[in-house]
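These notes concern the structure reproduced below.
Bear in mind that the values in this text are calculations on the coordinates, not laboratory data. This is a predicted model, so every value here is computed, not measured. In this analysis, Cβ positions are derived from the backbone assuming ideal geometry, glycine residues included, and neighbour counts consider all displayed protein chains.
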Amino acid sequence: MMALPRFPPHMHEMLPDGNGGFYRTERSRIARRFFSELSKLRQPQEQLTPNFDPKQTPDAPTLDFGIAITKAAVIEFTVKNGLLPTEDLDNPSSSPDVWACHGPFMRHIRKVTGGCLVLRPVFSPEHDLWAITLYDNYNIDKLRYDEPEERRILRQVQEITGIDEPPKWYWGPC
């Protein structure tokens with residue numbers, strides 16, 4: 001399998017325009033077009049295909065299996081359910097971000113489901129998608145639950161979070 005293109009590092013590169021604003025560099029515009037094309041290739045998958053199975057393709061990229069959730073949904077759920085320590089909420093100079101909410105959110109999800117789940121950022125053109133994952137294509141043989149247990153855990157995650165989407169294989173972030 002040929003090496004897959006990576007996220008372009010200059011995507012957000014800007015220069016002052018002389019009028020108090022900024023403009024994207026040519027390198028940034030090219031990187032954004034490249035990223036747009038890359039997005040078309042990195043769609044979530046329902047099934048893990050052989051070219052992403054490390055046993056068949058040793059240099060396969062990592063794909064995470066789980067249920068997608070936005071950063072905003074993680075933050076909203078954590079705040080709404082009172083999972084953040086009160087001192088984090090009492091500080092008016094800072095609003096909760098996904099990193100502050102990550103731990104409390106996942107402790108709650110793990111406690112309710114009993115599953116060994118991980119919240120990971122996944123590839124998304126909007127840069128705000130995460131996935132509550134059970135395993136990836138490299139550790140599936142070690143971490144996979146039997147089918148009824150896996151379905152139960154995933155169903156509970158969907159019920160807790162209110163997400164209707166089925167679990168999929170998601171590309172890791174660039």
For the residue 118, residue 56 Cβ pair and Förster radius 41 Å, calculated FRET efficiency rounded to 0.05 is 0.95
Along the dipole axis of region 17-174 (charges at Cβ: +1 for Lys and Arg, -1 for Asp and Glu; origin at the Cα centre), the most positive-end residue among 167, 72, 38 is 38
Sorted by chain and number, the residues with a modelled amide H under 5 Å from that of residue 119, at a separation of 5 or more or across chains, are 133
Here the gain from full extension of residue 142 to residue 107, 0.36 nm per residue of separation minus their alpha-carbon distance, amounts to 10.4 nm
Both in Å, the radius of gyration and Dmax of the C-alpha trace of the chain are 19.0, 62
Other residues with Cβ under 14 Å from the Cβ of residue 135 give, with Lys and Arg +1 and Asp and Glu -1, a net charge of -4
Given 109-120, 17-28, the highest-first ranking by average Cβ count within 10 Å works out to 109-120, 17-28
To the nearest 20 debye, the chain has a Cα-centred charge dipole, built from +1 on Lys and Arg Cβ and -1 on Asp and Glu Cβ, of 300 debye
Summing +1 per Lys or Arg and -1 per Asp or Glu among the other residues with Cβ less than 15 Å from residue 144's Cβ gives -4
Each label sits 7 Å from Cα toward the beta-carbon; between residue 40 and residue 164 the label points are separated, in nm, by 2.9 nm
